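**Student:** I'd like to ask some things about the structure below.
Read-outs: derived from the displayed coordinates by stated rules, not from any lab. The model shown is predicted, which means the values in this text are computed figures rather than measured ones. As a convention, Cβ positions derive from the backbone with ideal geometry for all residues, glycine included, and neighbour counts pool all protein chains shown.
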């Protein structure tokens, strides 16, 4: 038989199935590896487990608050299975990302690999779908040896760390509306980018060490954020107790409604290389607002304005607990002023529509220098008008945002003991 180098050759009917039916030693070895699920055991998967292909869609990423830490934990779980296969001399080939399932647990993840019947086993080829980019990289292979398998596994870890819902992702990813791959690639430490670019056959131990370092760093940051949040929550609780406001919720009459917080968040993102600056400011702010509204027994409505060239606006909406907004990916000809003006107009409409007893706030988040032009001056005037009408305004700026435009925004700000600017 002449092999087509560009396509997977199907196995002879029954050949690989017989390995499973007869309990061949290689099948018994696979069954010894924790986390690999055979077809007959699929019902034993936790009901909360979801395939990575499904998880990496934008909707699921937002709903499950998948951030860099979660991706590192998933990659570490996948790598443990890949290492175990390599140690047994089993080279499965290009494993589809959709065959991995993950159960997102509090503070950890549990990873499962399904459909081992698709593995390349002995001299029987893999039964995975080949995407064009995979064919470009591996199309001249008939069977995967140890070195080729390492390259395939490095590419698989890459797909996970950039949260690619498609198997055809390139390096670096191209802009796509389908997933957040470009965003998470930009957030990767340089060590990972260099590894993927220069060491496509990297040893498992090196990736293992890098993942451990990244997990430790992200967990440390998350711990610090929680501690700051706990301190502010305790302070808020103490203030409520001191003022006598920590009583049970007041009973509503038939026509009254809970007080609402309308928080407008304007993302003035200018940093091209590192989206983590904006993400950290945004997530910490949403953590604090979620705690505040829970303690105050307020309803919470959020809206977001992205001013990255093609301005996108989301209306005020109620989101489920734990929702964290993802930063927009591509930055073009940036205009902070346009974003602020659109936000001011939306806030004006909202303040006219709802009772003045509600709380109306706008937060401007800036991670770099902003353009101080005539349009920006017009935006400042609109913000001042909203502020005089009862809107609270806050600026949260990165360390590289000490520009004249940011100083003018700061002059509008309702300071909270100096904690709102960093």
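**Student:** Per-residue counts of other Cβ atoms within 10 Å, averaged by peptide: what ranking do you get for 313-322, 144-153, highest first?
**Tutor:** Sorting 313-322, 144-153 by mean packing, highest first, produces 144-153, 313-322.
**Student:** Is the shape of region 60-106 rounded, prolate or oblate, going by the alpha carbon gyration tensor and its root eigenvalues a ≥ b ≥ c, with a/c under 1.5 for rounded and a/b larger than b/c for prolate?
**Tutor:** prolate
**Student:** Further question: Which of the peptides 192-201, 20-29 is most tightly packed, and how do the rest follow, judged by the mean count of other Cβ atoms within 10 Å per residue?
**Tutor:** Most protected by this proxy first, the peptides run 192-201, 20-29.
**Student:** Please state the relative contact order of region 15-216 as a whole percent: Cα pairs under 8 Å, 6+ residues apart?
**Tutor:** Across region 15-216, relative contact order equals 26 percent.
**Student:** If one computes the Cα centroid of region 188-213 and of region 355-394, what distance in Å separates the two points?
**Tutor:** Result: 43 Å between the Cα centres.
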